[in-house]
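Undergrad: Take this structure first; my questions come after.
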Amino acid sequence: MIDHMAGTPPRIRPRERDAIIQSLRAGVVPRIGHQHVQVGRFEEVKALLTDISRITDGGAGSRFIIGEYGSGKTFFLHLVRSIAMEKRLVTVHADLSPDRRLHATGGQARSLYAELMRNMATRAKPDGGAVASVVERFVSQALTQARDSGQSPQVVIRQRLDSLSELTGGYDFADVVAKYWQGHDTGNEQLKNDAVRWLRGEFATRTDARNALGVRTIVDDSSFYDNLKLLSRFVCMAGFDGLLVCLDEMVNLYKLANTQARNANYEQILRILNDSLQGAASHIGFVFGGTPDFLLDTRRGLYSYAALQSRLAENTFARDGLVDYSGPVIRLANLSPEDFYLLLRNLRHVQASGDPSAYLLPDEGLQAFMSHCAARVGDTYFRTPRNTIKAFLDLLAVLEQNPGQDWRALLGAVTIAPETDPDFEPLDTTDEPAIAGAPDDELATFRL
Ligand SMILES: Nc1ncnc2c1ncn2[C@@H]1O[C@H](COP(=O)(O)OP(=O)(O)OP(=O)(O)O)[C@@H](O)[C@H]1O
Ligand SMILES: [Mg+2]
C-alpha cells in the first residue's frame, strides 16, 4: 500500500480525498488515506510490519516512536494503525493528557482506557466506535460454530469464554460477554448496551455494574493493562489477529510533577516492555509516541528510571549514518526539503482526486511555494510542516474556486504562521510534591 510512488499514481476515493484535505487544513493528522500523502519512513514502516506479523503470529511488541516537535510522530502512528487494520488487527489509540495516564489512583488510567475503547477501530470501522461490532462478531462466530457442530450456542460461548477466565480479571470479563450474549438471545437491548458500556470502561462504580450486570468488578485504574491483555485474547476469539495499542503524547508523563506518580507510570511501561521482550504477552502490540525529552531526560524522562534506560539505550554502533531498526526505540528524523517537495506533490495529487490533468499548479509552482516558505519562516517550514501544509492547501482551495486566477499572483499573499512547541513552556515543578520535604533528585531514584 505504500509503494505508489514507484508505479502509476492511484486514483483517490472522494471519501479519502475529503478526509485528508479537511484534516490537514484543520492542522490535524488524517485518520484515513495516509498512504496517499506519506513521504519517506519506509524503513520505519518495515520495522513495524515485522512487529505486526509477530503480533499476528501470537507474539507481542513494543516500540517507542521518538521525534522532535512536528516531526511526524502522530502521522506515523496513524499510518501504522491503518496498516495494522489492513492486517486484520483491532486497533485502539489515545493521546495521554493530565487526565489520561497508564497508572493512576484518581481515575486517570480508567479514563485513558475509556478513550482507547472509544477509538477502537477495525478495517470495517476505521473511524472508531468498534467495540459493539467486535462483540457482535464474537457472538456470530460462536453461533456459526454451534450450528456447524450441532452444539447449543450457550455451550459454545461458555467454552470459548473459559479461556479468558484463566487470565487476571478474566472471570468478570467473560461474564460480561456472556451477558451480552444473553441480551442478544432474549432481545434485551439494555443488557447488551450495559455489557458494551462495561467493556468500554464506562461504569464508574461497582454498585452500578453489579445492578446492571451482576458482576463484582469494573474496569478501574488498577486493571488498565490486564484489561488490554484480556481484550487482545478476546479480539482473537472474535476472528481478528490481535490488538494494537497506540499511545501518543507520552510527554505528558514526563510533565508529571509528582515523582512518585511519574515512576508508577514508568513502572507500568516497564511491565509492558518486559512482557513483550520476554514473550509473556500474546497477540498484542504497543506503539508509544513521544518527544526526545520524554525518552532521554535523566531527571524526568524514561531514562530517569534505570531499568527502562538499560532496556531502551540506543545501539552505540548505530551512528554516523548506520541504522538499527530492531531495537524498541525508533528515532524519526525531521522531514527534509526533498521530502517536503514530494509531500507537496502528493497533496496536489490528492487535491486533484488522483487526476494529473486536474493539477492546479505546475511543478514550478511547488518550487516557488517552497522558496516563499523558506523566505517567510526559515527552515522550520519543512521540519515542522503543519502550518505550511495548511497554507498550501488553502492556496489550492482558492485556485480551485477561482478558475483562471494565476498562482503567481496569489503566492505572494500566502501567510504562514511560524510553529512553536508548546512543550517548551516551563514545566510546573511546584505542584503536589510526592513526599513532603524530599528533594526531587532523591525521588528520581525512588523505586529503582
Ligand atoms: N511521513 C509523512 N508524510 C507526509 N506527511 C507527513 C509525514 N509526517 C508528518 N506529516 C505531516 O506533517 C505534519 C506534522 O506531523 P505530526 O502532527 O505527525 O507531527 P508530530 O511529531 O506528531 O507533532 P507534535 O510533536 O506536535 O505531536 C502533519 O500535517 C502531518 O500530516
Ligand atoms: Mg503529534
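The values are calculated or read from the model by the stated rules, or taken from the named source; none is laboratory data. As the structure is a computational prediction, the values presented were derived from the model and not from experiment. Please note: Cβ atoms are built from the backbone with ideal geometry, for glycine as well, and neighbour counts cover all protein chains shown.
Undergrad: Identify, from the list Ser82, Ser71, the residue that is among the hydroxyl-bearing types (Ser, Thr, Tyr), under 12 Å from the mean Cα position of the chain (by Cα) and crowded, with 17+ Cβ neighbours inside 10 Å.
TA: Values: Ser71 fails: under 12 Å from the mean Cα position of the chain (by Cα).
Answer to the selection: Ser82.
Undergrad: Ser282 passes all but one of (1) within 16 Å of ligand 2 (Cβ to nearest atom); (2) crowded, with 16+ Cβ neighbours inside 10 Å; (3) of a type in the set (Gly, Ala, Ser); which number fails?
TA: Just one mismatch for Ser282, condition (1).
Undergrad: So which residues in the stretch 405-422 are outside any loop (DSSP other than H, G, I, E, B) and either modelled with pLDDT of 70 or more or surrounded by 10 or more Cβ atoms within 10 Å (Cβ to Cβ) (or both)?
TA: The answer is Trp407, Arg408, Ala409, Leu410, Leu411.
Undergrad: Filter the stretch 279-290 down to the residues that are at pLDDT below 95 and in contact with an Asp or Glu (Cβ under 8 Å, 6 or more places away or on another chain) and list them by number.
TA: Ala281
Undergrad: I've got another one for you. When the residues of the stretch 222-246 are narrowed to those that are surrounded by 24 or more Cβ atoms within 10 Å (Cβ to Cβ) and within 16 Å of the chain's Cα centre (by Cα), which ends up farthest from Arg81 (Cα to Cα)?
TA: Ser232
Undergrad: Before we move on, is Val215 more than 16 Å from ligand 1 (Cβ to nearest atom), among the aliphatic types (A, V, I, L, M) and either touching a Gly at 6+ places or on another chain (Cβ under 8 Å) or over 23 Å from Leu48 (Cβ atoms) (or both)?
TA: Here the answer is yes, as Val215 does meet what is asked.
Undergrad: For the stretch 1-101, which fully contained helices (runs of 4 or more DSSP H) count at least 1 residues that are small (Gly, Ala, Ser), more than 16 Å from ligand 2 (Cβ to nearest atom) and modelled with pLDDT of 90 or more? Reasoning before the result, please.
TA: Values: elements: 14-25, 34-37, 42-56, 73-86.
It comes to 14-25, 42-56, 73-86.
Undergrad: OK, next. Across the stretch 112-127, what is the number of residues that are touching a residue at least 60 places away in the same chain (Cβ under 8 Å) and either over 26 Å from Ser222 (Cβ atoms) or of a type outside the set (A, V, I, L, M, F, W, C) (or both)?
TA: Total satisfying the criteria: 5.
Yes or no, residue by residue, for (1) within 20 Å of Lys255 (Cβ to Cβ); (2) of a type in the set (Val, Ile, Thr); (3) not assigned by TED's automatic domain parsing to the domain that holds His78:
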{"residue": "Thr91", "(1), (2), (3)": "no, yes, no"}
{"residue": "Ala94", "(1), (2), (3)": "yes, no, no"}
{"residue": "Ser97", "(1), (2), (3)": "yes, no, no"}
{"residue": "Arg100", "(1), (2), (3)": "yes, no, no"}
{"residue": "Gly106", "(1), (2), (3)": "yes, no, no"}
{"residue": "Met120", "(1), (2), (3)": "no, no, no"}
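Undergrad: Next question. May I ask you to say which residue of Glu267, Glu338, Glu364 is assigned to a helix (DSSP H, G or I) and either within 16 Å of ligand 1 (Cβ to nearest atom) or of a type in the set (S, T, N, Q) (or both)?
TA: Glu338
Undergrad: Tally up the residues in the stretch 60-102 that are more than 14 Å from ligand 1 (Cβ to nearest atom) and under 19 Å from Arg118 (Cα atoms), please.
TA: Count: 12.
Undergrad: Find the residue count for the stretch 134-157, including only residues that are surrounded by fewer than 15 Cβ atoms within 10 Å (Cβ to Cβ) and part of a helix (DSSP H, G or I).
TA: The qualifying residues number 7.
Undergrad: Write out, first by first residue and then by second, each pair whose Cβ atoms fall under 6 Å of each other, whose residues are 6+ apart or on separate chains, and whose first residue, in the stretch 259-271, is on the phi < 0 side of the Ramachandran plot and outside the structural domain of Phe294 (by TED's automatic domain parsing) while the second is buried (at least 23 other Cβ atoms within 10 Å of the Cβ) and assigned to a helix (DSSP H, G or I).
TA: That search, which allows pairs on different chains as well, returns nothing.
Undergrad: Is it true that Phe224 is touching a residue at least 60 places away in the same chain (Cβ under 8 Å), within 16 Å of ligand 1 (Cβ to nearest atom) and in contact with a Phe, Trp or Tyr (Cβ under 8 Å, 6 or more places away or on another chain)?
TA: Numbers: touching a residue at least 60 places away in the same chain (Cβ under 8 Å): yes; within 16 Å of ligand 1 (Cβ to nearest atom): no; in contact with a Phe, Trp or Tyr (Cβ under 8 Å, 6 or more places away or on another chain): yes.
Criteria not met by Phe224.
Undergrad: Taking the condition surrounded by 23 or more Cβ atoms within 10 Å (Cβ to Cβ) and over 16 Å from Phe173 (Cβ atoms), does Thr259 pass?
TA: yes
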